[in-house]
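Notes follow the structure.
Only the coordinates and a few stated rules stand behind these numbers; no lab work does. Just so it is clear, the structure is predicted and the values come from calculations on it, not from any experiment. All Cβ positions, even for glycine, are placed from backbone atoms using ideal geometry, and neighbour counts span all protein chains on display.
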Amino acid sequence: MQYIFYFDQTRCSECGTCVVSCKDWNSVKPGKVKWRKIYDYDTKETGTYPNITFRPLVFSCGHCDNPACVAACPSKAITKREEDGIVVVDRNKCTGDQSCISACPYGAVQIADDIQETVNPAWNTTHPAQKCTFCLDRILDNNKPSCVMSCPQRALDAGPKEYILQRYPDAVPALEVEGFPDDIFNGGHTLPNFYIKRK
């Protein structure tokens, strides 16, 4: 089974509620690290007034079929769970190599600073890698991720791939949507599990 995210470009207003909710639920303090981000790209807004087209893009981690971060991590701190396909970081195993950061084409894996988090003595490095966990704690409790539940426009959903594709038959893989970053890593494709209803 593979859990995926669904994003409806026709409903999102880029209010940022999902970004704040993600930080709040996962205790990510204010600072440079954001597990869910609002992306800017060249063709987000096209046309001239009054005929403007706005194409928002809000993304966290693709929990990819072929995650580049997993392949790049020398300490095996990043793994893809077999039971649900969610990619997780064991922060206690991370050695601070940061090859996962340069490997990820989406900037999903990040490192905090001293202002954003205090150092944990159990860690092998000052600030280990961190990223979206798909709110695994909530999933294991039969709840949806915090970003999904907080969206006032209901532009986000998440769940098993079969459920999402059946519920949203107009959803397409993110790689088919203009403005979405390329997924090429070392000549292969990461294949993010992120589907979008295009505007």
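Values as computed for the structure displayed
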{"item": "Sites excluded, GluC sites (Glu not before Pro) in DSSP loops with at most 14 other C-beta within 10 Å, longest stretch of the chain", "result": "84-177"}
{"item": "Packing-based ranking, highest mean first, of 146-157, 124-135 given that Cβ atoms within 10 Å are counted", "result": "124-135, 146-157"}
{"item": "Cα-centred dipole magnitude for the chain, charges only on beta-carbon of K, R (+1) and D, E (-1), debye, nearest 20", "result": "320 debye"}
{"item": "Computed helical MRE - 222 nm, the chain, DSSP H runs ≥ 4 contributing -39500 (n - 2.57), nearest 500", "result": "-4000 deg cm²/dmol"}
{"item": "Backbone HN-Hα couplings from phi across segment 127-137 [Karplus 6.51/-1.76/1.60, Hz, Gly and Pro as x]", "result": "9, x, 4, 8, 6, 4, 9, 6, 6, 3, 4"}
{"item": "Long-range HN-HN contacts of GLY159 with modeled amide H, under 5 Å", "result": "ILE4"}
{"item": "Charge dipole of the chain about the Cα centre (unit charges at C-beta), most positive-ward option of GLN9, SER102, ALA77", "result": "GLN9"}
{"item": "For ILE196, residues with placed amide H under 5 Å, excluding near neighbours", "result": "PHE7, VAL172, ALA174"}
{"item": "Loop trypsin sites (Lys or Arg not before Pro), segment 1-79 (other Cβ atoms within 10 Å of the site Cβ: 12 or fewer; DSSP)", "result": "LYS32, LYS76"}
{"item": "Computed label-point distance, nm, for sites ASP65 and GLU162 using a 7 Å Cα→Cβ extension", "result": "1.7 nm"}
{"item": "Rounded FRET efficiency, nearest 0.05, which uses the C-beta distance separating PHE54 from ILE115 and R0 of 22 Å", "result": "0.10"}
{"item": "Relative compactness, segment 3-197, computed as alpha-carbon Rg over 2.2 N^0.38 Å", "result": "1.03"}
{"item": "Computed FRET value (nearest 0.05) for ASP90 with ILE38, which takes r as the C-beta separation and R₀ as 22 Å", "result": "0.20"}
